[in-house]
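Encoded as structure tokens, the structure appears first; notes follow it.
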Amino acid sequence: MPITEETYLIYDGSFEGFLTCVFEVYNLKLAQPKIIRKSAFQESFFASNLEIRTDPDKAERVWNTIKKKTTLRGKSRLYYAFLSGKVEVENLLLNYIQYALKSTSPIDSNFSNPTVLTVSQIAKSVGREKHRMEAFVRFRLTQDNIYFATIEPDFDVLPLITKHFKSRYADQKWIIYDLSRNYGIYYNLQTVETITLELPSNFDPVHTSDEFFSPDEMEFQKLWQDYFKSTNIPSRKNLKLHIQHIPKRYWKYLSEKQV
Amino acid sequence: MSFERTQEKLKILADAAKYDVSCSSSGSKRSNKTKGLGDATGMGICHSYTEDGRCVSLLKILLTNYCIFDCAYCVTRKSNDIKRAAFQVQEVVDLTINFYRRNYIEGLFLSSGIFKSADYTMERLVAVAKKLRLEENFNGYIHLKSIPGASDELMKEAGLYADRLSVNIEIPTKEGLKLLAPEKNREDFLKPMIKVKNEIIQYKSEKNIIKSTPKFAPAGQSTQMIIGASGETDQQIMWTSNYFYKKFNLKRVYYSGYIPISYDSRLPQIGTEVPMLRENRLYQTDWLMRFYGFDVNEILNNDHQNLDLDVDPKLGWALRNLDQFPVDINKADKRMLARVPGLGMKSVYKIIEARRFRRLNWEHIQRMGVALNRAKYFLICESRDFERRDLTGIQLKSLILQNTQSKYRNSLGPQLNLFT
Ligand code: SF4
């Protein structure tokens, strides 16, 4: 007998974990599944709960099926939208996947369907932030000779920018650390790995103290700030346009905006 | 590197370089295969924006602002009483590398005043690029400004290390150049351009035969003209521009509204407003020429020597050529659709795709995201309602202006609202 009541599938928050949940939805023929990451879950009386353990094989099977049923674009939209981490995005994506699997032809550009439209809109804003991070990451050279950057993006874009930074900075060690999600990516001259850091209690992510950073670091920042100032043409000033290009929430970590 | 000294130089030499408007860092294909530093593939990235809203993607500096010439429109001119400075080759290399490593920039844009001689100066510019490529294994973007009068051999070497080369023509007309830069002659600008053009052609033909032919200026060449310094008409400017596109295969021509910097009586006085709207109209015209299939003399000719400031050039053209409208959206060819005011190239493609399935009406077009406020007067479709009664050009114009006032008010810098 199929289960008819609401079922919460609780997972670890990873993309693989999410795909494992999708696998189980089909596997267990759940009628009213709700996928929710552990950190966002609150016990409910009226539903049954399933803890789903992330299973790479199941995840891969689901992903391969999705690949067959969607276009390249549709597939990457799905992943981008997942990284938005928005509340209940899992259920939206589950709808999307169910719709895609049911349909005989790719549904990715059927924008008259609200699920498809919403997924593409979310994916678009994640994509925008990915580009902004590629532009606005500011490395600072630490005393250990690692170029270190801290960011606080709205969405979880680290997985999306890894490749860009790896091919660009192939001959220097670097870390990009997401302070709001408390993990980072570290390139050790060979590979990029995911890390978490225990930052010293007196570490100030915005200001550059010579306790942690190389003696020249502040000098280069000063040069960059001067450059930024000198290149401005006051008679063409247009602050509205300026803020449109660099939203204020990003200013905190931009060295040229530290004065 | 002595930071204090470098800092002072940087202030002077960045300030002097800021009037050069080219900032694009796209169009190169220099990928990082050797585990070196940097990667310049495809689209460039704007790393920051100035307070006037222009993008910052390159470290844009002069090697020196000493100059033996005295061009009236230039801050670096000999007779101008300003602080002078000169970078050492290594200093520029260090700045570029250190800024790049911190993800501040996509690369370097290096220009220079002319000290001693054209060749002497050009040699140093080339030395910077060479060092970056060979010693630092740098694959980021390099744009060198060629010095008018530099020898062919140096131009050739420059193209081996730079992604883009440019010679700024600065003054659109011969007469203007004579007036404002009497020591310079137009041939000196053209010669390096011809050299670069020929080298690019040769590279392309050799590349097919010998795989290892070193890249030559993969992002092509560009130039810049100062607008509103020498009293030229828009026709003169755009015809010159057209000539450059056709004759030298330029990738871009930039237009830079003159910013008054001197009390020289040959020039607009200090305090005169920068012609930003005019600059924007010129960029729009440039765009129409390059991507919309317009011939320059359709837009600017002896009867119509200046662009309208109140309407964009495409609308202006349409209003002067009402006999070519209305256009049937279900039948017209791509070229004609692209001429409808308010229809961008993206909309044109969507229309052509969509009309294979059904005859389109107003609702269809609107749902595709086409703004009809202007287009509707120039189109017919599968519908009985047509906006265009028998209005004259002047009546139409005032009707459209009433409806789209706000849009025109915020027409800003060259990177905004180019597309109509
Ligand atoms: S030669 Fe170039 S740098 Fe020298 S004054 Fe003329 S425009 Fe300025």
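The values are calculated or read from the model by the stated rules, or taken from the named source; none is laboratory data. Just so it is clear, the model here is predicted, and its values are computed rather than measured. Using ideal geometry, Cβ is built from the backbone for each residue, glycine included, and neighbour counts are taken over all protein chains shown. These accessible areas exclude ligands, DNA and RNA; they are computed on the full protein's heavy atoms, side chains included. Shrake-Rupley method; radii C 1.70, N 1.55, O 1.52, S 1.80 Å.
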Go through (1) outside the structural domain of residue B:384 (by the TED database); (2) in contact (Cβ under 8 Å) with a residue 40 or more places away in the chain and name the single condition residue B:270 misses.
(2)
Selection status of residue B:114, outside any helix (DSSP H, G or I), within 22 Å of residue A:133 (Cβ to Cβ) and either open to solvent by 10 Å² or more (accessible area, probe 1.4 Å) or within 14 Å of chain A (Cβ to nearest Cβ) (or both)
no
Quick one: would you say residue B:72 is open to solvent by less than 20 Å² (accessible area, probe 1.4 Å) and within 12 Å of the ligand (Cβ to nearest atom)?
yes
Can you name the residue in segment A:124-171 that is more than 25 Å from residue B:31 (Cβ to Cβ) and hydroxyl-bearing (Ser, Thr, Tyr) and is also farthest from the other protein chains (Cβ to nearest Cβ) among such residues?
A:125
Could you give me the residue pairs with C-beta distances under 7 Å whose first residue belongs to segment A:225-241 and is facing chain B (nearest Cβ under 7 Å), whose second residue is crowded, with 19+ Cβ neighbours inside 10 Å and of a type in the set (Gly, Ala, Ser) wherever it lies, and which are 6+ apart or on separate chains?
A:227/B:14; A:228/B:48; A:230/B:14; A:231/B:14; A:238/B:53; A:238/B:413; A:241/B:53; A:241/B:413
Name, by its number, the condition in (1) closer than 30 Å to residue B:57 by Cβ; (2) under 12 Å from the mean Cα position of the chain (by Cα); (3) buried (at least 21 other Cβ atoms within 10 Å of the Cβ) that does not hold for residue A:136.
(2)
Can you name the number of the only condition in (1) in contact with a Phe, Trp or Tyr (Cβ under 7 Å, 6 or more places away or on another chain); (2) small (Gly, Ala, Ser); (3) away from the ligand (no atom under 16 Å from the Cβ) that residue B:86 fails?
(3)
Mind telling me which of the residues B:179, B:154, B:144 ends up being within 16 Å of the ligand (Cβ to nearest atom), without any contact (Cβ under 8 Å) to a residue 40 or more places away in the chain and crowded, with 16+ Cβ neighbours inside 10 Å?
B:144
So, in segment B:317-357, exactly how many residues are among the charged types (D, E, K, R) and crowded, with 21+ Cβ neighbours inside 10 Å?
1
Here are the criteria: (1) within 14 Å of the ligand (Cβ to nearest atom); (2) more than 14 Å from chain A (Cβ to nearest Cβ). Tell me which single one residue B:190 does not satisfy.
(1)
Any residue in segment A:82-95 that is in contact (Cβ under 8 Å) with a residue 12 or more places away in the chain sitting within a Cβ distance under 7 Å of a residue that is assigned to a helix (DSSP H, G or I) and of a type in the set (S, T, N, Q)? List the pairs, counting only those 6 or more apart or interchain.
A:92/A:115; A:92/A:118; A:95/A:115
For segment B:89-103, does any single residue satisfy the condition of being within 14 Å of chain A (Cβ to nearest Cβ) and assigned to a loop (DSSP other than H, G, I, E, B)?
yes
